[in-house]
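A.B. asks: Mind looking over this structure? Questions follow.
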Amino acid sequence: MLVCANGRGDDLVVEGRVLDPALGIDAALRVTVTNGVVSAIEPGSASEGILIAPAFVDPHVHLRTPGREDEETIRSGTEAAAAGGYCAILAMPNTEPVVDSASVLGALVERAREEALVPTGFLAAISRGQRGEELTEMVELASEGAAAFTDDGRPVVSAALVRRALQYSALTDLRLALHCEEPALSRNGHAHEGVVSAELGLGAYPSLAESLMVERDLALADLERRPIHLLHLSARESVEALDRALAAGAAATAEVTPHHLVLTDDAVRSLDPNVKMNPPLRAALDRETLRDALRRGAVSCIATDHAPHAPEEKDVPFEEAPFGVTGLETAFSALYTHLVLPGALALETLLERMSTGPARAFGLAEPRIEVGARANLVVLDLDAEWTVTEGGFRSRSTNSWLLGETLHGRVVQTVADGRVVFSG
Amino acid sequence: MSELRPPAPPRRHLLSIRDLDRSEVERLLDTARSLTSSLDRELKKLPTLRGRTVVNLFYESSTRTLASFELAAKRLSADTMSLRSTGSSVDKGESLKDTALTLAAYDPDVIVIRHPAIGAPGVVARVTDAHVVNAGDGKHQHPTQALLDLYTMREAVGRLEGLHVAVVGDILHSRVARSLVQALALVGARSVLVGPPTLVPRGLEALGCELSTDIRAIEDADVVYVLRMQRERMAAGEAYVPSLREYTALYGITPDRIRAGQVVMHPGPMNRGVEIDARVADSEAALVVDQVRAGLVVRMAVLYDLVTQPAAREPLGVTSEPAEVV
């Protein structure tokens with residue numbers, strides 16, 4: 001269930017190159033929206049650099065609400081999402097308190113109805129307090145509108161609990177989204193185990209800390225015949241495990257972040273806390289494997305893992321800084337600049353993995369540009385250049401790995417659920 | 001208006017050996033050598049940094065490094081101030097950034113920082129206008145230690161190019177080893193890192209050294225550099241080695257493992273009877289005291305070099321013999 005502050009639908013006309021990979025549209029068209037619904041699609045004229053596509057869906061956002069509204073609120077987070085071209089986002093439950101009961105979830109949903117500019121769904125915790133001990137009341141959470149279950153931010157350490165959660169969540173039609181990390185292997189880890197961690201002396205977080213848990217969770221999901229979603233994959237070995245499971249018929253989906261697609265652990269040499277994430281940036285071969293998996297569709301979702309942090313939390317030595325970077329407002333431009341323009345990823349694939357892929361993985365309505373559908377579209381100016389600055393964010397936080405970088409391609413308008421939510 | 005002023009030259013720091021190239025390392029060692037004559041004078045103070053301020057900001061307990069930096073600054077006539085994390089505002093939860101900003105209000109020329117977290121010197125460099133010297137950040141870097149070690153090796157053996165150095169012990173947790181190996185590679189020396197497999201991180205060979213788990217790898221070395229073995233490495237949950245006893249049996253530097261002509265170094269403080277046998281520590285081959293003495297002149301050289309821009313350098317104020325070329 002997605003909720004937002006409901007307004008009436010808007011009327012507008014957009015014209016230019018329309019690219020909807022799921023519908024196989026790539027033509028110069030004029031799209032008319034009446035009362036928030038696409039009412040006509042007619043031949044139109046292309047204008048330089050302008051591209052109209054189904055708006056984006058982000059399955060992995062930390063809205064920090066409740067508890068850390070100084071870092072993000074539902075309002076600021078959804079304004080950031082709108083500026084990034086998103087028509088739907090899913091928020092993670094590792095808040096203070098954790099979203100592990102119907103009362104906490106219900107209050108959030110109410111708040112989103114008041115504040116959310118873009119339709120927002122909320123995942124609920126797998127375990128109470130995300131402590132990895134007892135299951136949450138999944139059926140009640142599902143009826144209150146939970147989008148899926150996850151303990152993201154930390155792994156479910158007990159294999160037995162993952163198994164119970166897979167079994168019990170079958171009473172709902174929601175899937176588990178799993179943060180795969182073997183904590184005994186990642187303990188005190190601040191960077192990918194490799195040349196860079198060895199040289200800098202940073203605690204090592206090996207690829208295997210992720211891929212062992214990916215293997216385990218895929219095996220458990222297979223045992224229970226349940227679908228799972230793998231959060232923020234970073235390691236080659238994890239993709240290989242996923243490929244094996246998919247070949248055997250697993251109903252697993254997976255996501256990858258823009259930062260893991262663009263950067264490698266080489267960036268950590270700067271000791272800039274804005275390149276510290278969990279999972280960590282890995283080696284060039286891992287990055288290439290992730291890009292390949294995204295091209296093939298084995299990894300079908302791009303997720304920002306938008307993780308706002310207050311400046312005082314990030315203005316500290318690398319080793320003391322928390323994990324996480326923001327991403328909602330830069331995802332498309334970062335990937336267009338670093339993957340599409342150099343020829344590493346087709347534009348159609350990027351658009352598909354940022355929209356249809358995540359919507360399908362979580363059973364959300366797929367944004368489509370077709371007559372009769374609610375308008376969920378993004379207008380992009382592919383020729384625009386812009387520089388990422390601290391002052392330019394709608395998000396309350398500025399912990400971006402792209403600060404100071406000049407990017408190509410920019411969101412100029414976002415229409416979410418029939419309303420114009422952003423005009424740049 | 002500020003835009004009418006010529007741009008200020010970039011502030012120079014010593015955060016990592018990576019900040020230096022070979023010629024800069026050699027310049028620092030030569031400056032240090034020219035300063036040694038001042039140590040033997042009756043009046044040991046030089047006027048070079050009169051009116052300058054050097055702040056030592058130490059977040060970890062340290063005896064020799066803090067004493068060495070304090071004395072180095074004083075010998076150059078700088079005003080010095082040393083702050084330790086205990087008994088200061090850090091105890092009250094002040095962040096490193098705020099402490100650095102507070103100190104910056106006194107316009108220090110140099111801030112020397114030791115901190116348990118990797119990347120701390122970079123924070124101070126970002127938020128103040130001072131030249132920053134890293135006196136040790138976590139397991140990352142301790143560049144003045146590496147420079148004083150090079151200085152000691154050059155004085156003892158007479159050359160650095162082609163010198164063969166074996167570093168023995170807990171490489172994984174050692175900022176001394178990381179800095180030293182980079183510095184040795186920079187000056188054309190060869191290094192091999194020796195220790196138990198759990199304490200020699202894979203990937204370090206990318207720094208241009210060899211890795212070994214066999215103590216016999218020290219046999220051919222000109223210099224045997226012994227690292228401190230910390231008891232914490234055997235704590236429950238850490239367990240990098242099963243016992244100090246087994247560590248000492250496998251990697252302890254005993255007289256029979258040292259051949260004639262080899263010199264032995266240790267950054268201190270030593271655990272006699274653990275990583276180094278007392279007979280080796282007290283032998284002619286041990287250069288531990290030379291290292292301390294080198295620390296003073298090398299740190300004087302670093303402070304002098306950072307504060308006086310190379311283009312507009314004041315005379316050093318000591319008569320020096322031309323330094324030997326390495």
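A.B. asks: Of everything in segment A:115-167 that's of a type in the set (D, E) and in contact (Cβ under 8 Å) with a residue 60 or more places away in the chain, which residue is farthest from A:E224 (Cα to Cα)?
C.D. replies: A:E115
A.B. asks: Tell me, which helices (runs of 4 or more DSSP H) lie completely within segment A:160-279 with 1 or more residues that are crowded, with 21+ Cβ neighbours inside 10 Å and hydroxyl-bearing (S, T, Y)?
C.D. replies: In segment A:160-279, A:183-186, A:195-200, A:207-224, A:236-247 are the helices (runs of 4 or more DSSP H) which contain 1 or more residues that are crowded, with 21+ Cβ neighbours inside 10 Å and hydroxyl-bearing (S, T, Y).
A.B. asks: If B:L147 satisfies all but one of (1) buried (at least 23 other Cβ atoms within 10 Å of the Cβ); (2) more than 26 Å from A:Y205 (Cβ to Cβ); (3) touching a strand residue (DSSP E or B) at 6+ places or on another chain (Cβ under 7 Å), what's the number of the condition it fails?
C.D. replies: Failing condition for B:L147: (3).
A.B. asks: Out of all the residues in segment B:120-140, which are more than 8 Å from chain A (Cβ to nearest Cβ) and buried (at least 24 other Cβ atoms within 10 Å of the Cβ)?
C.D. replies: Once the filter is applied, which keeps residues that are more than 8 Å from chain A (Cβ to nearest Cβ) and buried (at least 24 other Cβ atoms within 10 Å of the Cβ), segment B:120-140 yields B:P121, B:V124, B:A130, B:V132, B:V133, B:N134, B:A135, B:G136.
A.B. asks: Then there's this: Only one of A:G357, A:G372, A:G343, A:G363 is buried (at least 23 other Cβ atoms within 10 Å of the Cβ) and either at pLDDT 95 or above or over 25 Å from A:L263 (Cβ atoms) (or both); which? Outline the logic, then answer.
C.D. replies: On the way: A:G372 fails: buried (at least 23 other Cβ atoms within 10 Å of the Cβ); A:G343 fails: buried (at least 23 other Cβ atoms within 10 Å of the Cβ); A:G363 fails: buried (at least 23 other Cβ atoms within 10 Å of the Cβ).
Unique residue meeting the criteria: A:G357.
A.B. asks: What do you reckon, is A:T337 more than 14 Å from chain B (Cβ to nearest Cβ), in contact with a Leu (Cβ under 7 Å, 6 or more places away or on another chain) and on the phi < 0 side of the Ramachandran plot?
C.D. replies: Yes: the conditions hold for A:T337.
A.B. asks: Can you tell me which residue within segment B:174-221, out of those that are part of a helix (DSSP H, G or I) and not hydrophobic (A, V, I, L, M, F, W, C), is farthest from the other protein chains (Cβ to nearest Cβ)?
C.D. replies: Of everything passing the filter in segment B:174-221, B:R216 is farthest from the other protein chains (Cβ to nearest Cβ).
A.B. asks: Considering each of A:T398, A:T389, A:T349 in turn, give the residue that is farther than 20 Å from A:V421 by Cα, among the β-branched types (V, I, T) and more than 18 Å from the chain's Cα centre (by Cα).
C.D. replies: Checking each option against the conditions leaves just A:T389.
A.B. asks: Moving on. I'd like the full set of residues that are more than 30 Å from A:N399 (Cβ to Cβ) and out of contact with any strand residue (DSSP E or B) (no Cβ under 9 Å at 6 or more places or on another chain), limited to segment A:12-68.
C.D. replies: Across segment A:12-68, the qualifying residues are A:G24, A:N35.
A.B. asks: So which residues in segment B:223-271 are within 30 Å of B:L163 (Cβ to Cβ), assigned to a helix (DSSP H, G or I) and free of Cβ contacts under 8 Å to residues at least 40 places away in the same chain?
C.D. replies: B:T248, B:A249, B:P255, B:D256
A.B. asks: If you don't mind, there's one more thing I want to ask. For segment B:224-232, check the following and say yes or no: at least one residue is outside the structural domain of B:D137 (by TED's automatic domain parsing), over 21 Å from the mean Cα position of the chain (by Cα) and under 21 Å from A:A198 (Cα atoms).
C.D. replies: yes
A.B. asks: Right, here's the next one. Say we look at segment A:187-223 and pick out the residues that are of a type in the set (S, T, Y) and within 14 Å of chain B (Cβ to nearest Cβ); which of these is nearest to A:G153 (Cα to Cα)?
C.D. replies: A:Y205
A.B. asks: Follow-up. Of all residues in segment A:287-334, how many are farther than 23 Å from A:I228 by Cβ, in a helix (DSSP H, G or I) and either modelled with pLDDT of 95 or more or away from chain B (no Cβ under 14 Å) (or both)?
C.D. replies: Residues meeting the conditions: 9.
A.B. asks: Now, a different point. Condition first: touching a residue at least 12 places away in the same chain (Cβ under 8 Å), of a type outside the set (V, I, T) and loosely packed, with under 15 Cβ neighbours inside 10 Å. Now tell me which residues in segment B:82-119 satisfy that. Step through it out loud before you land on a result.
C.D. replies: In the first step, residues of segment B:82-119 are kept if they are touching a residue at least 12 places away in the same chain (Cβ under 8 Å); the result is B:82-85, B:89-90, B:96-97, B:99-104, B:106-119.
Still in the running and of a type outside the set (V, I, T): B:82-85, B:89, B:96-97, B:100-101, B:103-104, B:106-109, B:114-117, B:119.
If the condition is that a residue be touching a residue at least 12 places away in the same chain (Cβ under 8 Å), of a type outside the set (V, I, T) and loosely packed, with under 15 Cβ neighbours inside 10 Å, then B:S89, B:L101, B:Y106, B:D107 are the ones that fit.
A.B. asks: Hey, any hits in segment B:86-106 for a residue that's within 28 Å of B:S38 (Cβ to Cβ), within 14 Å of chain A (Cβ to nearest Cβ) and not hydroxyl-bearing (S, T, Y)?
C.D. replies: no
A.B. asks: Please verify whether A:I41 is among the aliphatic types (A, V, I, L, M) and farther than 20 Å from A:L166 by Cα, treating the condition exactly as stated.
C.D. replies: yes
For every residue, the table says whether it meets (1) buried (at least 20 other Cβ atoms within 10 Å of the Cβ); (2) of a type in the set (F, W, Y); (3) within 18 Å of A:S169 (Cβ to Cβ); (4) in contact with a Pro (Cβ under 6 Å, 6 or more places away or on another chain).
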site: A:G77; (1), (2), (3), (4): yes, no, no, no
site: A:D100; (1), (2), (3), (4): yes, no, yes, no
site: A:A116; (1), (2), (3), (4): yes, no, no, no
site: A:R128; (1), (2), (3), (4): no, no, yes, no
site: A:E137; (1), (2), (3), (4): no, no, yes, no
site: A:L141; (1), (2), (3), (4): yes, no, yes, no
site: A:F149; (1), (2), (3), (4): yes, yes, yes, no
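A.B. asks: Out of the residues in segment B:245-278 that are farther than 22 Å from B:M153 by Cβ and of a type in the set (K, R), which is surrounded by the fewest Cβ atoms within 10 Å (Cβ to Cβ)?
C.D. replies: B:R245
The values are calculated or read from the model by the stated rules, or taken from the named source; none is laboratory data. Being a predicted model, the structure only gives us computed values, none of them experimental. With ideal geometry, Cβ positions are generated from the backbone for all residues, glycine too; neighbour counts draw on all protein chains shown.
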